[in-house]
1. Could you give the size of the charge dipole of the chain about its Cα centre, using +1 on the Cβ of each K and R and -1 on the Cβ of each D and E, expressed in debye and rounded to the nearest 20?
2. Considering the dipole of region 66-140 built from charges on the beta carbon (Lys and Arg +1, Asp and Glu -1) around the Cα centre, which of Ile122, Thr78, Ile66 is farthest to its positive end?
3. Compactness ratio of region 66-140: Cα Rg over 2.2 N^0.38 Å, N = residue count?
4. Counting pairs of alpha carbon atoms under 8 Å apart in space and at least six apart in sequence, what relative contact order in percent does region 6-46 give?
5. If I build a Gaussian network model for the chain, linking alpha-carbon pairs within less than 10 angstrom, which residue out of Ile122, Ile142, Ile72 has the largest mean-square fluctuation?
6. What is region 6-46 by shape, rounded, prolate or oblate, if you read a ≥ b ≥ c off the alpha carbon gyration tensor as root eigenvalues and call it rounded for a/c under 1.5, prolate for a/b larger than b/c, and oblate otherwise?
7. Give me the net charge of Phe119's neighbourhood, meaning all other residues with Cβ under 14 Å from the Cβ of Phe119; Lys, Arg count +1, Asp, Glu -1.
8. Tell me the chymotrypsin sites (Phe, Trp or Tyr not before Pro) within region 51-146 that lie in a loop according to DSSP and have at most 13 other beta-carbon atoms within 10 Å.
Amino acid sequence: MKGLDSIDRNIIRLLRLNARITNAKLAEEVGLSPSACLRRISLLEQSGVIRGYTALVGSSEGGTPIAVIINITLERQTEEHLNRFESAVRRHPEIQECYLMTGGSDYLLRVEVENAGDFERIHKEILAKLPGVLRIHSSFSIRNVLASRAPSR
């Protein structure tokens, strides 16, 4: 985010908290006219600083989902094996995040589940069938201490 001024950083901060904020309200918050604010957002999108917007989906039962952090170790770390694994991961919307890592495992994945049975299904039907997986190590969150987005209201 080099080259961004304090107004750009403030726009990004506010959009991270609430991407559905109206342009008029956002402009007021950052001290710009609505047209100047919209122009800034457009430039941030065109330059790739803002890459998209998303919906955060809660539990169908209204409860708080459980975040599961999954470390994946592959049998081999060749470009072909990495590409096959990454391609397979992209086909499963249940996998919300996937990072290629350094250190003890090859990939870190994040999924959200409603309960242990929900994770068991994901483990059996998705994780265990991903190509080239040697080891799966999963950790369940107890509670979210710090989120990068404001809680839904």
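Every read-out reported here was derived from the displayed coordinates using simple, explicitly stated rules and does not represent laboratory data. Computed from a prediction, not measured in an experiment: that's the story for all the values here. So basically every Cβ, Gly included, is an ideal-geometry build from the backbone, and we count neighbours across all protein chains shown.
1. Values: 21 positive and 18 negative charges, 79 e Å.
My answer is approximately 380 debye.
2. Thr78
3. 1.02
4. Computed over region 6-46, the figure is 36 percent.
5. Highest fluctuation of the listed residues: Ile142.
6. Verdict is rounded for region 6-46.
7. -3
8. Working: sites: Tyr53, Phe85, Tyr99, Tyr107, Phe119, Phe140; in loops: Tyr53.
Passing both the DSSP loop test and the Cβ count: Tyr53.
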